Amino acid sequence: MIAAKPTRIPRIARDRCLGVIVDLQGFFLSQAPKRTRSPMRTNAANFARLLGYFRIPIVVTLERPVHFKGSLPKDIDKHLGDLAQTFEKDFFDLTRDRKIRDHIARLKKTQAIVTGCETDVCVLQSCLGLLGLGYEVYVVEDLLFSSARDVEAAIARMKAEGAVFLTYKSLFYELIEAVEGAQGAEEMLAAFGPFPDDLPDCAVQ
């Protein structure tokens, strides 16, 4: 008999998590509705800034061939700090790439916060791969996109396998609460510096 999946959902912990930006490249962005492309880029940049402030490592993947599908847009890339690492991959599931899998293992984290595209292909397969490796997977639902109109089946599958969906706003405040609750506001300021006043707490539409 297969054991039921646990129903308790752990809170995100700054020192236990890493961020993942899956295949946010020009080729895929060009397939999204025009009105959503700029918000997607803005939201991804803010995600990078938020995790960068809390010194959370980020793994960025680029699907090959990169000369055709493009690199991470410069307006996002410029916000990646020295804890971010970019990898090219040949698989939909990032964990099938040995260099990526070895890198995330060396980070010694237990939680992965996932964004990017496409929801029903590389995001889905990468989440399944991360779950299979034992990670607690959190998917930022308003920082996902796909060329397909209907991705409900993919989302349902990720949830059924144990992925937790949350919004950028929820992530924003959960990270702040996690650090302030553990260290206090003054200690957070001393450890990370002033919080960026221009960093919004919600995804732009």
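The values are calculated or read from the model by the stated rules, or taken from the named source; none is laboratory data. Computed from a predicted structure; not experimentally measured. Positions of Cβ are generated from backbone atoms using ideal geometry, with glycine treated the same way; all protein chains shown enter the neighbour counts.
Picking from residues in the stretch 164-181 that are free of Cβ contacts under 8 Å to residues at least 40 places away in the same chain and farther than 16 Å from Asp15 by Cβ, the one that is surrounded by the fewest Cβ atoms within 10 Å (Cβ to Cβ) is Tyr173. One residue stands out among those in the stretch 17-48 that are surrounded by fewer than 16 Cβ atoms within 10 Å (Cβ to Cβ) and touching a residue at least 40 places away in the same chain (Cβ under 8 Å): the one that is farthest from Cys117 (Cα to Cα), which is Thr42. Total residues in the stretch 158-196 satisfying the condition of being modelled with pLDDT under 95 and of a type in the set (Asp, Glu): the figure is 4. Looking only at the stretch 109-125, residues that are farther than 20 Å from Ile9 by Cα and not acidic (Asp, Glu) come to 7 in all.
One residue alone among Leu133, Leu83, Leu107 is surrounded by fewer than 21 Cβ atoms within 10 Å (Cβ to Cβ), closer than 25 Å to Glu174 by Cβ and in contact (Cβ under 8 Å) with a residue 40 or more places away in the chain, and that residue is Leu107.
Annotation for the stretch 91-101: at least one member residue is more than 16 Å from the chain's Cα centre (by Cα) and of a type in the set (Phe, Trp, Tyr).
Residues in the stretch 54-68 that are surrounded by fewer than 19 Cβ atoms within 10 Å (Cβ to Cβ), out of contact with any Leu (no Cβ under 7 Å at 6 or more places or on another chain) and either in contact (Cβ under 8 Å) with a residue 24 or more places away in the chain or of a type in the set (Gly, Ala, Ser) (or both): 3 in all. Being within 27 Å of Asp90 (Cα to Cα), modelled with pLDDT of 95 or more and more than 11 Å from the chain's Cα centre (by Cα) is a description that does not apply to Thr61. Take the residues in the stretch 182-202 that are of a type outside the set (A, V, I, L, M, F, W, C), surrounded by fewer than 13 Cβ atoms within 10 Å (Cβ to Cβ) and out of contact with any Phe, Trp or Tyr (no Cβ under 7 Å at 6 or more places or on another chain), then tell me which one is nearest to Ala44 (Cα to Cα). Applying the filter and picking the extreme gives Asp198. Does the stretch 132-139 include one or more residues that are within 17 Å of Ala32 (Cα to Cα) and among the acidic types (Asp, Glu)? Within the stretch 132-139 (the criterion being within 17 Å of Ala32 (Cα to Cα) and among the acidic types (Asp, Glu)), the answer is no, since none of the residues qualifies.
When the residues of the stretch 152-163 are filtered to those that are of a type outside the set (Asp, Glu) and within 16 Å of Gln111 (Cβ to Cβ), the one that is surrounded by the fewest Cβ atoms within 10 Å (Cβ to Cβ) is Gly162. Name the residues in the stretch 136-163 that are free of Cβ contacts under 8 Å to residues at least 24 places away in the same chain and either touching a Lys or Arg at 6+ places or on another chain (Cβ under 9 Å) or of a type in the set (A, V, I, L, M, F, W, C) (or both), would you? Matches in the stretch 136-163: Ala156, Ala160.
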